[in-house]
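The values are calculated or read from the model by the stated rules, or taken from the named source; none is laboratory data. This structure is a prediction, so every number in the text was calculated from the model and none was measured. Here the Cβ is made from the backbone with ideal geometry for all residues, glycine too, and neighbour counts use every protein chain on show.
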Amino acid sequence: MHLIFGLGPIGGNIGERLAELNREVFGFDLAPARVHEWAAATNAPASSDLARVDWSAVDSVIVAVRTADQVSSVFRSLQECCAERPLSVFVVSTLAAEDARRILPSGPDSWRVFEAPVSGGPHGARHGTLTTFLSGPAPTDAEERLLADISGRVFRMRNYGDAATVKLLNNTLGTYNLLSTAHMLNLAQRAGVPAKDFLEVIRVSSGQSWMSDNFSEVQYDLLLKDVGLLRGEVGSLPATDLSGDVEQVILQARGLLESEA
């Protein structure tokens, strides 16, 4: 049985996806209303009380909470319930790299803990098309099948913290794209071009990005959280300045790609 720890937009939709595939799932969340809604949507058991979980049936846990402190709390709760049992633990929460390196190795030796932050939002979680950044042990066949059910693509990394770094870099780039789109929409409006009309132009031309395609639905609060985590790790982020040496920056990055080919 798969225990979904956190029934928010990502965890709840992953759980719905697995239930739809006829996998046995149990949903847990501290919010009773969220538990009720998820149970009604999936026709699967759910609770805000861990005592109602049949721990003898649990073989994997998907942790989809928001903060590092919450992940640590989940680990403590799991250790109280099944410290001696074999368990595959997938932490899809986005952590700072330092927190991933600190928290994830703290599980019992009987656990197989995977750092598995995801990209693709609630839609990707619901339809099994998430991009998953994976660090941890080599997955077993059963773990590979679970990953295949929730992911469209899995990028594999060696060490705890690597997956977090890649996810944070990706989301920070997405935030740059989102902010740039917003700047251009505001500028278009000031120049006399309706912002709604210009967004349609962006979506079919060179300014297009995932962020422009989903501009009105993006959960920017989560992106800003990830930007803060990356800034805490690297210290400062590049400033986009079109009056600077744009060509040098572009050629330097292209050179990196060519040297790694």
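Here are some notes:
- Identity of the residue in the stretch 87-100, assigned to a loop (DSSP other than H, G, I, E, B) and among the aliphatic types (A, V, I, L, M), that ends up nearest to residue 131 (Cα to Cα): 92
- Checked against the criterion of being buried (at least 17 other Cβ atoms within 10 Å of the Cβ), at pLDDT 95 or above and not aliphatic (A, V, I, L, M), the candidates 215, 198 yield just one match: 198.
Table: residues versus (1) touching a residue at least 40 places away in the same chain (Cβ under 8 Å); (2) touching an Asp or Glu at 6+ places or on another chain (Cβ under 9 Å); (3) within 17 Å of residue 61 (Cα to Cα).
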site	(1), (2), (3)
91	no, yes, yes
107	no, no, yes
113	no, no, yes
127	yes, no, no
151	no, no, yes
171	yes, yes, no
185	no, no, no
188	no, yes, no
194	no, no, no
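- Test for residue 136: is it surrounded by 19 or more Cβ atoms within 10 Å (Cβ to Cβ), out of contact with any Cys (no Cβ under 6 Å at 6 or more places or on another chain) and on the phi > 0 side of the Ramachandran plot: yes
- In the stretch 1-40, the residues that are under 18 Å from residue 150 (Cβ atoms), among the β-branched types (Val, Ile, Thr) and assigned to a helix (DSSP H, G or I): 14
- Some residue of the stretch 234-249 being in contact (Cβ under 8 Å) with a residue 60 or more places away in the chain, under 19 Å from residue 174 (Cβ atoms) and of a type outside the set (Val, Ile, Thr): yes
- Candidates 48, 72, filtered to the one that is surrounded by fewer than 19 Cβ atoms within 10 Å (Cβ to Cβ), in contact with a Leu (Cβ under 9 Å, 6 or more places away or on another chain) and not hydrophobic (A, V, I, L, M, F, W, C): 48
- Residues of the stretch 112-131 that are out of contact with any Pro (no Cβ under 8 Å at 6 or more places or on another chain), part of a helix (DSSP H, G or I) and not basic (Lys, Arg): 123, 124, 127.
- Test for residue 103: is it surrounded by 14 or more Cβ atoms within 10 Å (Cβ to Cβ) and in a strand (DSSP E or B): no
- Restricting the stretch 41-86 to residues that are assigned to a loop (DSSP other than H, G, I, E, B) and closer than 16 Å to residue 12 by Cα, the residue that is modelled with the lowest pLDDT is 66.
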